[in-house]
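*Asks:* Below is a structure I'd like to ask you about.
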Amino acid sequence: MSKVEFNVEDIIAAFPDYGEVVGYKPITAGHINDTYIVEYKLEDGSIAKYLLQRINTVVFKKPVEVMENVCGVTAHLRKKIVENGGDPTRETLTVYPAKDGKNYYSSEKEGFWRMYNFVDDTFSISELTNPDDFKNAALSFGNFQNLLADYPIDTLYETIENFHYTPARFATFKSSVEKNASGRKDQAMPEIEFALAREKDCSVVTDLIAAGELPVRVTHNDTKLNNVLFDNTSKKGICIVDLDTVMPGSSLYDFGDSIRFGANTAAEDETDLSKVTLSLEYFKAYVDGYLEAAGESLTDNEIKYLAFSAKLLTFECGIRFLADFLDGDVYFKTEYPEHNLVRARTQFKLVADIEAKYDAMMSIVEESATTILKNRKIF
Ligand code: GN1
Ligand code: MG
């Protein structure tokens, strides 16, 4: 882990004085970066909120490139949102430069920081209570993909190499098993066996991409439900956040990762595995929303592999958690020693449930595609 030492006040002072700082507080969402809400009192007495974030440079080794991607992507989104008559102050993140004009502040001692607008009067969801919210998340992620469809893909840096290149993830996992740096391998034998038995799944999507049978698009790559901000009044998803992994990828990565998190009937770190199942109702809601928003631009193959991608991305996340457990918790933030193992178990339980429900999931995709994309014969 990085050995940074900082005073939040000093970091705030590196950014322009938007008003008198009246407070700041950490937000504890996300496994990677550190986030604070900073409140300023303006001259007219009103309060303005900003989002201050420390980028985890163990995970993002080239944070300057991350910021170049984020600035390019948010500028593109802003332009599109304005063209579509939307409100760019609420529908996209905006980067606020530091006092020295750079789009970040960094020092060896304090780490790498950036400032964003805080989109007020919104909420995020960590646990769904109804399928409509999930459908709204799908509409948002589908819309996000549409808005970036004409973004110059070659200008994007790969902020984390091979991020969803599952065969590489599997190779890393196997080497973590071999190294057993944490000495905890014995605690994870059933999970290791489970993973090793599924190696052949890893290359399905990447092989299709390599063969030109699946397109490469600008994708978000971390489509967890809590990366959508929902408007307090309309309850619709209005803003997609966490743009650090926007990179060339497959729509299947975004679809699959959304299902992994949102269609799980339990939390990502639930210890009672009997609660972890794939909700077909939520799966259908997401398929409907995603096809409604982005279906026209998806190829037949992208649609045919939607159900598979849910399994793949869940499996991939599972081997990442398990590898981190074996490595000694060097990547994801953890709250207790077995946290990564617990997370890996939920992912694998979900994979097993997806395998059991696979035919039903395929039928849902077929039915939804037939209803929503009436003029196409995909299946
Ligand atoms: C991390 O930071 P957060 O919680 O949005 C991770 C994702 C994983 C996710 C699992 C850069 O996302 O890839 O799917 O945890 N982000 C990175 O919860 O590795
Ligand atoms: Mg993230």
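*Asks:* Averaged per residue, what accessible area in Å² does region 8-120 show with a 1.4 Å probe, protein chains only?
*Replies:* Ligands and nucleic acids excluded, the figure is 49 Å² per residue.
*Asks:* Could you give me the percent of Cα pairs per 10 Å distance bin for region 48-143, shortest bin first, beginning at zero and ending with the bin that holds the maximum distance?
*Replies:* P(r) for region 48-143, in whole percents per bin: 13, 37, 35, 14, 2.
*Asks:* Then there's this: State the percentage of accessible surface on region 131-372 attributable to carbon and sulfur atoms; use a 1.4 Å probe and exclude ligands, DNA and RNA.
*Replies:* Ligands and nucleic acids excluded, carbon and sulfur reach 50 percent.
*Asks:* Can you give the longest run of the chain that contains no GluC sites (Glu not before Pro) sitting in a DSSP loop with at most 16 other Cβ atoms inside 10 Å?
*Replies:* By the stated rule (loop sites, at most 16 other Cβ atoms within 10 Å), 214-334.
*Asks:* Here's something else I'd like to know. May I ask you to give the solvent-accessible area per residue for region 131-372, in square angstrom, as obtained with a 1.4 angstrom probe?
*Replies:* Heavy-atom accessible area per residue stands at 38 Å².
*Asks:* Let me ask something else. Taking the alpha-carbon distance from Lys235 and a cut-off under 20 Å, which aspartates and glutamates remain once sequence neighbours fewer than 8 residues away in the same chain are dropped?
*Replies:* Asp87, Glu91, Asp120, Asp121, Glu127, Asp132, Asp133, Glu281, Asp288, Glu292
*Asks:* Would you mind checking which residues have amide H under 5 Å from Ile27's amide H? H placed 1.01 Å from N; only 5 or more apart, or other chain.
*Replies:* Amide H to amide H, under 5 Å and 5 or more residues apart or across chains, Ile27 pairs with Thr35, Tyr36, Ile37.
*Asks:* Nearest 500 deg cm²/dmol is fine: what mean residue ellipticity at 222 nm does the chain get from its DSSP H runs of n ≥ 4 alone, each adding -39,500 (n - 2.57), divided by its residue count?
*Replies:* My calculation for the chain gives -13500 deg cm²/dmol from helical runs alone.
*Asks:* While we're here: Which residues make up the longest stretch of the chain clear of trypsin sites (Lys or Arg not before Pro) that lie in a DSSP loop with no more than 12 other Cβ atoms within 10 Å, not counting the sites?
*Replies:* The longest uninterrupted stretch comes out as 236-373.
*Asks:* What three numbers, in Å, describe the spread of the alpha carbons of region 131-372 along their principal axes, ordered from the longest?
*Replies:* 49, 40, 35
*Asks:* Also, I was wondering about something else. Leaving out ligands, DNA and RNA, what percent of the accessible area of region 8-120 is carbon and sulfur, probe 1.4 Å?
*Replies:* Its accessible area is 51 percent carbon and sulfur atoms.
The values are calculated or read from the model by the stated rules, or taken from the named source; none is laboratory data. Bear in mind the structure is a predicted one, so any value in this text is a computation, not a measurement. Cβ sites come from the backbone with ideal geometry, for glycine too, and all protein chains shown count toward neighbours. These area figures cover heavy atoms from the full protein model, side chains too; ligands, DNA and RNA do not enter into them. Shrake-Rupley method; radii C 1.70, N 1.55, O 1.52, S 1.80 Å.
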